[in-house]
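A.B. asks: The structure under discussion is supplied below as structure tokens; questions concerning it will follow.
The values are calculated or read from the model by the stated rules, or taken from the named source; none is laboratory data. Values in this document were obtained by computation on a predicted structure and should not be read as measured data. Positions of Cβ are backbone-derived with ideal geometry, glycine not excepted, and every protein chain shown enters the neighbour counts.
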Amino acid sequence: MVTAKPKINETEHRIATALGMRESAERQRDKAERGLRAVQADNARYRAAVESVLALHKPETRTAFGADGYEEGEYEACTECWDEWPCPTVSAITDALGGGDDAE
């Protein structure tokens, strides 16, 4: 014997639909919150990586003695790679992050 599904009235149908929509919205909110937390964790790791690199690359005043065709005098150079300041590493980071002189 086949049993028929019980019929629901219009009010019951609206309530069931609203509850389903609420549950769906809650699932979407939970998924968005998990995604946001993951992005925040990634952001913290990326920031730490950039700060670690910038901590190595600092300006230092050096003195040139005019040997091998170089001009005599003081100049700023990177403590890590010895390139003229700002070094290519610091320039690449500051350019990618929108420039600025706050890397010094």
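A.B. asks: Go through region 90-104 and give me each residue that's surrounded by 14 or more Cβ atoms within 10 Å (Cβ to Cβ) and modelled with pLDDT under 90. Break it down stepwise before answering.
C.D. replies: If we filter region 90-104 for residues that are surrounded by 14 or more Cβ atoms within 10 Å (Cβ to Cβ), which is where we start, we get 90-91, 93-94, 103.
Listed by number, the list holds a single entry, A103.
A.B. asks: Still on this model: For region 71-89, indicate whether the set of residues that are under 23 Å from G99 (Cβ atoms) and loosely packed, with under 10 Cβ neighbours inside 10 Å is non-empty.
C.D. replies: Within region 71-89, not a single residue is under 23 Å from G99 (Cβ atoms) and loosely packed, with under 10 Cβ neighbours inside 10 Å.
A.B. asks: Considering only residues of region 52-70 that are in contact with a strand residue (DSSP E or B) (Cβ under 8 Å, 6 or more places away or on another chain) and among the small types (G, A, S), which is surrounded by the fewest Cβ atoms within 10 Å (Cβ to Cβ)?
C.D. replies: It comes out as G66.
A.B. asks: Output the qualifying pairs, or none if there are none: Cβ atoms under 7 angstrom, residues six or more apart or on different chains, first residue in region 45-71 and assigned by TED's automatic domain parsing to the domain that holds T94, second residue assigned to a strand (DSSP E or B) and loosely packed, with under 10 Cβ neighbours inside 10 Å.
C.D. replies: T61/E74; R62/E74; T63/E74; A64/E72; F65/E72; G66/E72
A.B. asks: Tell me which of these A41 doesn't satisfy, since it passes every other one: (1) part of a loop (DSSP other than H, G, I, E, B); (2) of a type outside the set (D, E); (3) at pLDDT 80 or above.
C.D. replies: (1)
A.B. asks: Let me ask something else about it. For L36, indicate whether it is assigned to a helix (DSSP H, G or I), in contact (Cβ under 8 Å) with a residue 12 or more places away in the chain and either hydroxyl-bearing (S, T, Y) or surrounded by 10 or more Cβ atoms within 10 Å (Cβ to Cβ) (or both). Can you show your working first?
C.D. replies: Working: assigned to a helix (DSSP H, G or I): yes; in contact (Cβ under 8 Å) with a residue 12 or more places away in the chain: no; either hydroxyl-bearing (S, T, Y) or surrounded by 10 or more Cβ atoms within 10 Å (Cβ to Cβ) (or both): yes.
Against the criterion (assigned to a helix (DSSP H, G or I), in contact (Cβ under 8 Å) with a residue 12 or more places away in the chain and either hydroxyl-bearing (S, T, Y) or surrounded by 10 or more Cβ atoms within 10 Å (Cβ to Cβ) (or both)), L36 does not qualify.
A.B. asks: For G73, only one of the following conditions fails: (1) at pLDDT below 95; (2) outside any strand (DSSP E or B); (3) among the small types (G, A, S). What is its number?
C.D. replies: In the conditions (1) at pLDDT below 95; (2) outside any strand (DSSP E or B); (3) among the small types (G, A, S), G73 misses (2) alone.
A.B. asks: Check E51, E74 and return the single one that is of a type outside the set (F, W, Y) and touching a Ser or Thr at 6+ places or on another chain (Cβ under 6 Å).
C.D. replies: On inspection, the qualifying residue turns out to be E74.
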